[in-house]
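**Student:** Here it is, the structure in full.
The values are calculated or read from the model by the stated rules, or taken from the named source; none is laboratory data. Here the structure is a predicted model, which means the values were calculated and not measured. FYI the Cβ positions are ideal-geometry reconstructions off the backbone, even for glycines, and counts take in every protein chain you see. Side chains included, ligands, DNA and RNA excluded: accessible areas come from the protein's heavy atoms. Shrake-Rupley method; radii C 1.70, N 1.55, O 1.52, S 1.80 Å.
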Amino acid sequence: MKKINSYEEYLSNYEKSIEDPTVFWSDIAKTFHWHKQWDNVLEWNFDEPSINWFKGAKLNITENCLDRHLDSNADKTAIIWEPNDPKESAQHISYEELHQRVGIAAQMLKNNGVNKGDRVCLYMPMIPELAIAVLACARIGAIHSVIFAGFSAKALSDRVNDATAKVLLTADYGVRATKKIPLKEIADNALESCATIEKVIVFKRLDGSVNMKADRDFWWEDEILKVNGVSAKVESMDAEDELFILYTSGSTGQPKGVVHSTAGYMVYAEYSFRNVFQYNDKDIYWCTADIGWITGHSYIIYGPLLAGATTLMFEGVPTWPNPGRFWEVVDKYQVSLFYTAPTAIRALQACDLSFVDKHNLSSLRVLGSVGEPINEEAWKWYHINIGKGNCPIVDTWWQTETGGIMIAPLAGITPLKPAFATLPLPGIQPCLVDADGNEIEGNDVEGNLCVKFPWPSMLRTTWGDHDRCKLTYFSTYKDKYFTGDGCKRDEDGFYRITGRVDDVMNISGHRIGTAEVECAINTHETVVESAVVGYPHDIKGQGIYAYVICTVFDDESLMKKEIIQQIIKEIGPIAKPDKIQIVSGLPKTRSGKIMRRILRKVAEGDTSNLGDTSTLLDPSVVEEIKIGAIK
Ligand code: WTA
């Protein structure tokens, strides 16, 4: 696949992609390996919604990730794995070896009863076997659902049950910095309420000192041996067959299973990867995300492997054994393309510069940012101290639902502007709308961000509940996909995402619904009601502030600890509130609606102007909340 080489070419490609999307995308799709060509490039209708890209085509995405590279690049490293502990050995897995290990793992899944269309849940640490398992599912047409290994047993069982998964892949333990995470034990707790799981396959990351349930649990290593080196037959998939489910937070308490399908996702993953990062064959590419999130799916596994790149997988954390770990790894492997999250940048920015300066970062060519708005200060620090002023920063805006990067600079090709995601990729038609759903034309404007034309990697449905997909994304504004984000378009036509306009928070780049946290808090027996809001946080972007009404309790600090424990149990540590304020009432309108605007203001520490409170049922609760606000 050719990449865009100049700004002029970007402009002409963009124009072509809008004027004639089917020709534009079919030219790109031709560079992939298909069992059968498509009959029709695009059929769509946002009302239902019904989206079909490359209808009638047959393919397998893993042949495009693996087999396709074997002729010329069999020995090239596909995956570099850097372990949590730098004293442990790293792994280099070539394309040939990865191809073989995926084929064998796929056969292992088959032997354990997994067939095309079955759902397989992956609750695994950041080890090569996670990438292998993802690809093994795709090889045989099973639908993978990766569940972030920081989620609790309850969150895991909710997701397994929603997907009615047949097999769970996990590990004895995960390791992060000095912590050992008992993944198998958590999975055991989760599975007590999961009736559909028939088999659990457990990879031994540590010593294997875990309980194994007879006839249900099997060791990965044993199951691989039983395959006898035979690779599974590749399944020929329809273009629109589901590739994966990935659960993400929305404005209700229940996360939704975003469904991506095969061909469109594939085409867009490679196209966006090559163009945004301006990938060259010699690049060493590192995305620090976790495979439990969409960034890991599209830009650790699929995008880079489709492009035949060397992709680095990192098991550890940025600050252990010291805050120089990222830079040490960049230096060690001569990483040239580096993709991380603003929250990590801000955390490292707060540490001594000597942790950066100790390492040679001259291999870096492009820096990326994803997951939340990057503030100007962090952008500049990243640009000057990591990129030494020489590396373009691609601030990439996109979502679990969009499957791939939507608005971002193409490194070194299109203009940069600190804190701006800048311009849409070819094929992407963003628009801003006002509260009445009218499109806002022109520049120097602000509104809600929508997309008015399909792109290949967009979500197709939400698992088991198509109406929810329609309602959440396609009903707010007619004939438009609604992103849930607010956005500015400046005088030059550059886009700047200003943050969510719905009840979704963005905590360290992780999407968490306020309703989800409230549901978790409300499961505590002495809690009557709660309201959760996000507030600006120096490192995490947003912090979580919870207002909680309780019945009797003796010790306030103990009560707060219990609430935190409850959230860890229901969701996981990522959803722990930074501040909990016990209150006797919440500011409600006469119709019983919580006025979150007031709670947000108090959480921001700005109580000077709370706006009109006259419509409140009991304005006096506001005074109490102001007095008790947690600084
Ligand atoms: C936010 C992550 C500003 C946004 C790929 C979006 C961003 C949500 C950016 C999706 C960015 C992501 N600038 N905001 N460059 N990238 N976001 O589904 O609010 O985990 O709606 O996908 O993150 O988060 P998700």
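**Student:** In square nanometres and to one decimal, what's the mean projected area of the convex hull around the Cα atoms of region 563-618? List each step's numbers first, then the result.
**Tutor:** Numbers: hull surface 19.6 nm².
With every direction weighted equally, the projected area is 4.9 nm².
**Student:** While we're on this one: When a/c is below 1.5 the answer is rounded, else prolate if a/b is larger than b/c, else oblate, so apply that to the chain with a ≥ b ≥ c taken from the square roots of the Cα gyration tensor eigenvalues.
**Tutor:** Because its axes are fairly even, with a/c under 1.5, the chain counts as rounded.
**Student:** Based on C-alpha coordinates, I'd like the Rg and Dmax of region 389-544, in Å.
**Tutor:** For region 389-544, the Cα radius of gyration and maximum Cα-Cα distance read 17.3, 57 Å.
**Student:** Also, quick follow-up: With a cut-off of 8 Å between alpha carbons and a minimum separation of six or more residues, what is the relative contact order of region 89-235 in percent? Intermediate results must be reported in sequence, preceding the final value.
**Tutor:** Numbers: 253 pairs, mean separation 41.7, N = 147.
The normalised contact order for region 89-235 reaches 28 percent.
**Student:** Now for a different question. What residues qualify as long-range amide H neighbours of W219, i.e. H under 5 Å apart, gap of 5 or more or another chain, H built at 1.01 Å from N?
**Tutor:** Placed amide hydrogens put V202 under 5 Å from W219.
**Student:** Then there is this: Give the accessible surface of the chain per residue, rounded to a whole number of Å², with probe radius 1.4 Å and ligands, DNA and RNA excluded. Please list the in-between numbers first.
**Tutor:** Details: 23520 Å² over 631 residues.
That works out to 37 Å² for each residue.
**Student:** To the nearest 20 Debye, how big is the dipole of region 301-392 about its Cα centre, given +1 on the beta carbon of each Lys and Arg and -1 on that of each Asp and Glu?
**Tutor:** Numbers: 7 positive and 8 negative charges, 38 e Å.
My answer is approximately 180 debye.
**Student:** Can you give me the long-range amide H partners of A78? Hydrogens built in the peptide plane at 1.01 Å from N, cutoff under 5 Å, separation of 5 or more residues or another chain.
**Tutor:** For A78, the qualifying residues are I93, S94, Y95.
**Student:** Same structure, new question: Please give the charge dipole size of the chain, origin at the Cα centre, charges +1 on K and R Cβ atoms and -1 on D and E Cβ atoms. Round to the nearest 20 debye. Please list the in-between numbers first.
**Tutor:** Numbers: 66 positive and 85 negative charges, 146 e Å.
Taking the Cα centre of the chain as origin, the dipole is about 700 debye.
**Student:** For region 89-235, count all C-alpha to C-alpha pairs, find those more than 21 Å apart, and express that count as a whole percent of the total.
**Tutor:** Working: 4148 of 10731 pairs.
Of the Cα pairs, 39 percent sit more than 21 Å apart.
**Student:** How large, in percent, is the carbon and sulfur part of the accessible surface of region 89-235 at a probe radius of 1.4 Å?
**Tutor:** Working: 2570 of 5440 Å².
Roughly 47 percent of what the probe reaches on region 89-235 is carbon or sulfur.
**Student:** First check a/c for region 165-247, with a ≥ b ≥ c the square roots of the eigenvalues of its C-alpha gyration tensor; if it is under 1.5, answer rounded, and if not, answer prolate when a/b is larger than b/c or oblate otherwise.
**Tutor:** Details: a/c = 1.69, a/b = 1.42, b/c = 1.19.
It is prolate, given that a/c is not under 1.5 and a/b is the larger ratio.
**Student:** Note down the relative contact order for the chain as a percent, whole number, built from C-alpha pairs under 8 angstrom at least six residues apart.
**Tutor:** Details: 1373 pairs, mean separation 78.0, N = 631.
Once divided by the residue count of the chain, the mean separation gives 12 percent.
**Student:** I've got another one for you. Only four residue types carry charge here, +1 at the Cβ of Lys and Arg and -1 at the Cβ of Asp and Glu. Report the dipole size of region 504-628 about the Cα centre in Debye, rounded to the nearest 20. Show your work: numbers first, answer last.
**Tutor:** Numbers: 15 positive and 17 negative charges, 94 e Å.
The dipole magnitude comes to about 460 debye.
**Student:** Ordered by residue, what ³J(HN,Hα) values in Hz, to whole numbers, does region 186-200 give under the Karplus form 6.51 cos²θ - 1.76 cosθ + 1.60, where θ = phi - 60° and Gly and Pro are x?
**Tutor:** Karplus values, whole Hz, x for Gly and Pro: 5, 4, 4, 4, 4, 6, 4, 10, 10, 7, 8, 6, 9, 9, 10.
**Student:** A further question follows. Hey, can you grab everything whose amide H is under 5 Å from the amide H of S50? Only 5+ residues off in sequence or another chain; H modelled, so Pro and N-termini drop out.
**Tutor:** N45
**Student:** Dipole of the chain (Lys/Arg Cβ +1, Asp/Glu Cβ -1, origin at the Cα centre): which of G493, V445, I571 lies farthest to the positive side?
**Tutor:** It is I571, whose Cα lies furthest towards the positive end.
**Student:** Report, ordered by chain and residue number, the aspartates and glutamates lying within cross-link reach of K576, taken as a straight Cα distance under 15 Å and ignoring same-chain residues fewer than 8 apart.
**Tutor:** Once the sequence-local aspartates and glutamates are set aside, what remains near K576 is E516, E518, E562.
**Student:** Highest mean first, how do 345-353, 158-166 rank when packing is the count of other Cβ atoms within 10 Å averaged over residues? Provide the component values of the computation, followed by the final result.
**Tutor:** Numbers: 345-353: 17.6, 158-166: 21.0.
Going from most to least packed, we get 158-166, 345-353.
**Student:** Distance check, please: which entries in K256/K540; K213/K560; K180/K233 exceed 29 angstrom between their Cα atoms? Before the final figure, lay out the partial values.
**Tutor:** Numbers: K256/K540 24 Å; K213/K560 36 Å; K180/K233 37 Å.
The pairs that break the limit, which is 29 Å between Cα atoms, are K213/K560; K180/K233.
**Student:** For T607 and T164 in the same chain, what is the full-extension length gain: residue separation times 0.36 nm, less their Cα-Cα distance, in nm? Write out the running numbers ahead of the final one.
**Tutor:** Values: separation 443, 0.36 × 443 = 159.48 nm, distance 4.71 nm.
Full-extension gain reported as 154.8 nm.
**Student:** Using helices alone, I'd like the mean residue ellipticity at 222 nm for the chain: each DSSP H run of four-plus residues gives -39500 (n - 2.57), total over residue count, nearest 500.
**Tutor:** Values: 19 runs with 177 residues, N = 631.
Rounded to the nearest 500, the figure is -8000 deg cm²/dmol.
**Student:** In the structure displayed, which of K204/K358; K2/K58; K154/K179; K588/K631; K58/K452; K478/K588 lie more than 25 Å apart, Cα to Cα?
**Tutor:** The answer is K204/K358; K58/K452; K478/K588.
**Student:** In a shell of Cβ-Cβ distance under 14 Å around F474, excluding F474 itself, what net charge do Lys and Arg (+1) and Asp and Glu (-1) give? Can you show the working numbers first?
**Tutor:** Working: positive: K256, K452, R460, R468, K470, K478, K480; negative: D47, E48, E401, D465, D467, D479.
Around F474, the surrounding residues sum to +1.
**Student:** Once the piece of chain linking E439 and D20 is laid out straight, how much longer is it, given 0.36 nm per residue of separation minus the C-alpha distance between them?
**Tutor:** Values: separation 419, 0.36 × 419 = 150.84 nm, distance 2.20 nm.
Additional length available on full extension: 148.6 nm.
**Student:** Would you kindly derive the ³J(HN,Hα) couplings of region 514-526 from the backbone phi angles with the Karplus curve 6.51 cos²θ - 1.76 cosθ + 1.60 (θ = phi - 60°), listing them in order in whole Hz, with x for Gly and Pro?
**Tutor:** 4, 5, 4, 5, 4, 4, 5, 4, 5, 6, 6, 5, 8
**Student:** Which order do you get for D67, D467 if you rank them by accessible area with a 1.4 Å probe, largest at the top?
**Tutor:** Numbers: D67 50, D467 110 Å².
My answer, sorted largest first, is D467, D67.
**Student:** Considering only protein heavy atoms and a probe of 1.4 Å, how much of the accessible area of region 481-575 is carbon and sulfur, as a whole percent? Walk me through the intermediate numbers first.
**Tutor:** Numbers: 1910 of 3790 Å².
Carbon-and-sulfur percentage of accessible area, whole number: 51.
**Student:** Can you find, among T483, A131, W455, the residue farthest towards the positive end of the dipole of the chain? Put +1 on the C-beta of Lys and Arg, -1 on that of Asp and Glu.
**Tutor:** Result: A131, furthest along the dipole toward the positive end.
**Student:** For region 115-132, take each phi angle, set θ = phi - 60°, evaluate the Karplus expression 6.51 cos²θ - 1.76 cosθ + 1.60, and give the result in whole Hz per residue in order, putting x for glycine and proline.
**Tutor:** 10, 3, x, 5, 9, 10, 9, 10, 10, 9, x, 7, 10, x, 4, 5, 5, 4
**Student:** Residue farthest toward the positive end of the dipole of region 504-628, with Cβ of Lys/Arg at +1 and Asp/Glu at -1: which of I539, T551, Q581?
**Tutor:** Towards the positive end, the residue furthest out is I539.
**Student:** With only alpha-carbon atoms in the gyration tensor, what are the semi-axes of the equivalent ellipsoid for region 323-433, in Å, largest first? Numbers along the way, then the final one.
**Tutor:** Working: eigenvalues 136, 39, 31 Å².
Taking √(5λ) for each eigenvalue gives 26, 14, 12 Å, largest first.
**Student:** Let a ≥ b ≥ c be the square roots of the eigenvalues of the Cα gyration tensor of region 498-626; is it rounded (a/c under 1.5), or, if not, prolate (a/b larger than b/c) or oblate? Mind dumping the intermediate values first?
**Tutor:** On the way: a/c = 1.71, a/b = 1.12, b/c = 1.53.
Oblate is the answer for region 498-626, as a/c is 1.5 or above yet b/c matches or exceeds a/b.
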